[in-house]
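Visitor: Quick one: structure below, then a few questions.
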Amino acid sequence: QVQLVESGGGSVQAGGSLRLSCAASEYNTYCIAWFRQAPGKERERVAGIFTGDGTTYYDDSVKGRFIVSLDNAKNTAYLQMNSLKSEDSATYFCAAIKNMYAENCPRQEADFRYWGQGTQVTVSS
């Protein structure tokens with residue numbers, strides 16, 4: 001079973017930045033996604049990346065502010081979060097599934113096989 005370990009959460013003021021990391025326990029080709037869940041809200045996908053070719057996805061709510069990147073040598077994906085808003089406050093989860101093609105990367109949380117433990121992001125205004 002592949003394990004995902006997340007880190008990088010914390011508390012920042014509005015306009016600040018954080019970088020989250022998601023490290024996989026074994027090398028493979030993955031669809032990786034970042035989900036977040038705020039109190040009283042449903043879990044939503046905010047960004048994703050296919051490790052095979054670097055294809056990325058961003059939800060409109062974070063487009064232009066968040067950037068997903070990879071360090072394949074470390075089996076790690078990063079979510080750089082800039083210009084943070086209070087609306088970004090949530091528990092962030094990294095999710096992954098082994099895949100060979102970017103076009104087959106899933107969109108819904110139920111279709112991701114591996115999940116990180118979650119990391120809390122709090123943005124104060």
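Visitor: Would you kindly calculate the translational diffusion coefficient of the chain, applying Stokes-Einstein with the Kirkwood radius from alpha carbon pairs, for 25 °C and a viscosity of 0.890 mPa s, and quote it in µm² s⁻¹ without decimals?
Guide: Estimated via Stokes-Einstein, D reaches 171 µm²/s.
Visitor: Now for a different question. If you count only protein heavy atoms with a 1.4 Å probe, what accessible area per residue comes out for the chain, rounded to a whole Å²?
Guide: In whole numbers, the chain has 53 Å² accessible per residue.
Visitor: Still on this structure, I have one more. May I ask for the net charge around Tyr114, where only other residues with Cβ less than 11 Å from the Cβ of Tyr114 are counted and Lys, Arg are +1 while Asp, Glu are -1?
Guide: +1
Visitor: Of Asn82, Asn104, Asn28, which has the largest mean-square fluctuation in a 10 Å C-alpha GNM of the chain?
Guide: Of Asn82, Asn104, Asn28, the most mobile in the Gaussian network model is Asn104.
Visitor: Moving on. What does the charge add up to near Glu26, with Lys and Arg as +1, Asp and Glu as -1, over the other residues with Cβ less than 14 Å from its Cβ?
Guide: Value of the local net charge: +3.
Visitor: How charged is the neighbourhood of Val12? Take every other residue with its Cβ under 14 Å from the Cβ of Val12, and add Lys/Arg as +1 and Asp/Glu as -1.
Guide: Local net charge: +1.
Visitor: With a 10 Å cut-off between alpha carbons and a GNM built on the chain, which of Ile97, Ile49, Ile32 moves the most?
Guide: Ile97
Visitor: With a 1.4 Å probe and all protein chains left in place, how much of the accessible area of the chain comes from carbon and sulfur atoms, in whole percent? Walk me through the intermediate numbers first.
Guide: Details: 2900 of 6670 Å².
Of all accessible area on the chain, carbon and sulfur atoms account for 43 percent.
Visitor: With label points built 7 Å along Cα→Cβ from the Cα atoms of Lys63 and Ala14, find their separation and express it in nm.
Guide: Here the answer is 2.3 nm between the modelled labels.
The values are calculated or read from the model by the stated rules, or taken from the named source; none is laboratory data. Just so it is clear, the model here is predicted, and its values are computed rather than measured. Here the Cβ is made from the backbone with ideal geometry for all residues, glycine too, and neighbour counts use every protein chain on show. Areas reflect the complete protein model, heavy atoms only, side chains present, ligands, DNA and RNA absent. Shrake-Rupley method; radii C 1.70, N 1.55, O 1.52, S 1.80 Å.
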